[in-house]
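Here's the structure, in structure tokens; my notes come after.
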Amino acid sequence: MKTRLVLLAAMVGLFFSFQPLLAQDCSFQLGFKALYDLIPDVVGECVDDEQHNPATGITQQHTANGQLTWRKADNWTGFTDGQRTWINGPEGLQQRLDTERLPWELALPSSTATQRLTLEQLRNAEYRLPLLGDEDTAIRLVDGMGTLVYGEGATERETVGLIDDAVAFGDLDGDGNADAAVAVYTSGGGSGAFIYLVAVLDRDGAPSQAARVYLGDRVRVESLSIADGQVLARILAHGPRDGLCCPSVRTTSTFALREGGLLQQRLTLEQLRNAEYRLPLLGDEDTPIQFTDGEGHIAFGEGATEEGYAGIVNDTVAFGDLDGDGIADAAVVVFISGGGSGTFIHVVAVLDRDGAPDQAAWAFLGDRVPVRNLAIAGGEIVARTVTHRPSDGLCCPTLEITRTFGLEGDQLVPRQALVIESPLPGETVANGVEVRGTASTYPSAEGLAYLVYDARGGVIGMGSIPVDGYADQPGTFAAPVEFIAGADGPGRIEIVDVDPANGSALARTAVPVILQAAPITDGRTSREPTPELVLEAPLSGATVGASLELRGRISAMPFEKNLTYRIYNQAGTVIDQSWISVDGDYGGPGTFTRSIAIPATTAPGLLRIEVRDESVVDGALIGSTSVEVFFTGGS
């Protein structure tokens, strides 16, 4: 037990060990300063001064990691990072999920949420509902009713109404102001009456719809209530033998605002703290281990004298829909330790199966990797972590990076995200500028591609950038980028992760920069004038097959009556390039025509065709034009 307590104490120290962001011209005062002093790395530095709203009695202050709040009504002081809340209350510093309440909080008067919205406002508010074939048709109610007229001669109509008996007030977004939940119906004049639950937020005292969820056709909403940031709906629904007219089964469902939608939430933190997990233990990738109060252990070895530990890290969980069924699932951060210095951090996807937790997949985040924030957004798990640079010791990771995972079958698949940290947007750069940044997942090609574009979109530089890191973990890159700019002016540097299997772009990012022209070193006083270069065929957006014809014109004959062309795939990789002969006289305009066969190995998809006039002196791009076409395949 002593070993276990030491391990847990080490875990707490580990996950609050990251460095704070730089402070702005602001400061913490009174209760906010007291809470900051207790957990400075969790709160982060301030980004503005506190703002007090005398109408609500609520004071708030934004920080690098979230928001501090003080409520005058009950002297409540807390900090939230968007998922978890730390409260300096009557029992000292405590932590919980944003959607939960501590026992002493539940004992507070229900009036602590300031109510400004009224039933009258809700009966005369604008709602967005699926009407006339549009998922978000706006309709304003007047005295609880609204009508849309349509059809030939305006003889058809859709009716919307607020169910006055199904309205509840309470705080849904944690800002201390009472929001609302309402039930509305829509009807096209037939027997159907389609019932929706709508979450309405208080926005400066006015109602603003946040989300809705469909409850059913001719179901009866018997009551709504809001508690602990969630909507409790008691509904008379249809049994298997009920006609649509006559529902008979009483159900109670809980809904919460998640990812901008209203999701039915049945899983709880308590269930996750006492669930069975399948984790990589004892040499098996899926060893079952039962958690009790957020922890579990397995005895092994001769005489069962060795133990493996696992547990939920600081109750770091997030709720949201991972499988598209409209019901909130969960993501959980767990640690595994065999008693040594290693503490192996995993994120686990847990699905709601009839209200019970069922592990779907896990992904390894790293050894001794703090997770600052966990969320589910767009059906994917987003973990804000501090991981290791190649030069970091395992004790002390320094690379702040956000990692995203998508649930595909029984796998959590990492999504690539590229970030360019330098140069900054708008920075003036010259040939050889160092480009630095991060990749959320080490690329399978062990490197990235770069392209440099001028103001016309012409490619003036391309190459590869190595990435430092390890397989399935984040990586960093820092390498010079070479290009030849014919003139000073705007441009952009693009970084691409290219799939080595098929040449497609797995991820890309770009930074706008000011290009510095390459110096002239051959005795000339200026570069060649930029000609007008026009590609007349194929047209942008055209569909092309195995072969195509390039046709166009140029305002001034190029050197030796030659242009070049390049064909790029979606990843920016050149799949074909060659010369184009130009017809005409020197000193005058010219025209060109060239038949091209698309390489047989090219995958169907978008291609970019670029025609280029390049300087024979230093390779600078004098002029260019390009079009995008859709390649149907090589058959």
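The values are calculated or read from the model by the stated rules, or taken from the named source; none is laboratory data. In this text, all values refer to a predicted model and were calculated from it rather than measured experimentally. Neighbour counts are summed over all protein chains in view; Cβ atoms, including those assigned to glycine, are modelled from backbone coordinates with ideal geometry. Note: areas computed on protein heavy atoms with side chains; ligands, DNA, RNA excluded. Shrake-Rupley method; radii C 1.70, N 1.55, O 1.52, S 1.80 Å.
Miscellaneous remarks
- Test: residue in segment 331-339 that is at pLDDT below 90, outside any strand (DSSP E or B) and either open to solvent by less than 10 Å² (accessible area, probe 1.4 Å) or in contact with a Ser or Thr (Cβ under 8 Å, 6 or more places away or on another chain) (or both): yes
- Scan of segment 468-478 for residues that are in contact with an Asp or Glu (Cβ under 7 Å, 6 or more places away or on another chain) and open to solvent by 10 Å² or more (accessible area, probe 1.4 Å), ordered by number: Thr476, Ala478
- Inspection of segment 576-585 finds a residue satisfying the criterion of being without any contact (Cβ under 8 Å) to a residue 40 or more places away in the chain and farther than 30 Å from Arg524 by Cβ.
- Output for segment 305-326, where each listed residue is over 20 Å from Asn274 (Cβ atoms) and either touching a residue at least 40 places away in the same chain (Cβ under 8 Å) or not β-branched (Val, Ile, Thr) (or both): Glu306, Gly320, Asp321, Leu322, Asp323, Gly324, Asp325, Gly326
- Restricting segment 77-92 to residues that are of a type in the set (Gly, Ala, Ser) and in a strand (DSSP E or B), the residue that is farthest from Gly174 (Cα to Cα) is Gly92.
- Inside segment 173-191, residues that are touching a residue at least 40 places away in the same chain (Cβ under 8 Å) and open to solvent by 10 Å² or more (accessible area, probe 1.4 Å) make up a count of 5.
- Checking Leu322 against (1) part of a strand (DSSP E or B); (2) under 24 Å from Gly260 (Cα atoms), the condition it does not meet: (1)
- Complete set of residues in segment 28-69 that are hydrophobic (A, V, I, L, M, F, W, C), in a loop (DSSP other than H, G, I, E, B) and within 30 Å of Leu117 (Cα to Cα): Ala55
- Between Leu279, Leu267, the distinction of being outside any strand (DSSP E or B) and either open to solvent by less than 60 Å² (accessible area, probe 1.4 Å) or more than 18 Å from Ser337 (Cα to Cα) (or both) belongs to Leu267 only.
- Hits in segment 378-396 (condition: closer than 26 Å to Gly261 by Cβ and touching a Leu at 6+ places or on another chain (Cβ under 9 Å)): Gly379, Glu380, Ile381, Val382, Ala383, Arg384, Thr385
- Top-ranked residue in segment 549-562 [being touching a Phe, Trp or Tyr at 6+ places or on another chain (Cβ under 8 Å) and under 16 Å from Pro538 (Cβ atoms); ranked as surrounded by the fewest Cβ atoms within 10 Å (Cβ to Cβ)]: Arg551
- Count of residues meeting criterion [of a type outside the set (Asp, Glu), at pLDDT below 90 and open to solvent by 50 Å² or more (accessible area, probe 1.4 Å)] in segment 502-539: 10
- Screening segment 505-606 for strands (runs of 3 or more DSSP E) wholly inside it with 1 or more residues that are over 30 Å from Gln416 (Cβ atoms) returns the ranges 533-537, 547-554, 562-568, 574-584, 590-597.
- Subset of segment 385-414 that is among the charged types (D, E, K, R) and open to solvent by less than 70 Å² (accessible area, probe 1.4 Å) - its residue that is nearest to Leu97 (Cα to Cα): Arg403
- Any strands (runs of 3 or more DSSP E) falling wholly within segment 114-158 and containing at least 1 residues that are touching a residue at least 24 places away in the same chain (Cβ under 8 Å) and open to solvent by less than 70 Å² (accessible area, probe 1.4 Å): 126-131
- Screening segment 434-465 for residues that are among the polar types (S, T, N, Q) and assigned to a strand (DSSP E or B) and picking the one that is surrounded by the most Cβ atoms within 10 Å (Cβ to Cβ) gives Thr438.
- A Cβ distance below 6 Å, combined with a sequence gap of six or more or placement on separate chains, defines the contacts here; from segment 537-551, residues that are within 16 Å of Ala603 (Cβ to Cβ) reach residues that are open to solvent by less than 80 Å² (accessible area, probe 1.4 Å) and assigned to a strand (DSSP E or B) in the pairs Val544/Val629; Val544/Phe631.
- Taking the criterion of being surrounded by 14 or more Cβ atoms within 10 Å (Cβ to Cβ), out of contact with any Lys or Arg (no Cβ under 9 Å at 6 or more places or on another chain) and among the charged types (D, E, K, R), the residues of segment 215-258 that qualify are Asp217, Arg218, Arg220, Asp242, Arg258.
- Only one of Gly605, Gly623, Gly587 that is open to solvent by 80 Å² or more (accessible area, probe 1.4 Å) and among the small types (Gly, Ala, Ser): Gly587
- Residue identified as out of contact with any His (no Cβ under 8 Å at 6 or more places or on another chain), among the hydroxyl-bearing types (Ser, Thr, Tyr), modelled with pLDDT under 90 and open to solvent by less than 40 Å² (accessible area, probe 1.4 Å) among Thr316, Thr305, Thr343: Thr316
- If you go through segment 217-254 and keep only what is in contact (Cβ under 8 Å) with a residue 24 or more places away in the chain, of a type outside the set (Val, Ile, Thr) and over 19 Å from Phe169 (Cα atoms), you end up with Asp217, Arg218, Arg220, Leu244, Cys245, Pro247, Arg250.
- Test for Arg273: is it basic (Lys, Arg), crowded, with 17+ Cβ neighbours inside 10 Å and either farther than 23 Å from Thr252 by Cα or free of Cβ contacts under 8 Å to residues at least 60 places away in the same chain (or both): yes
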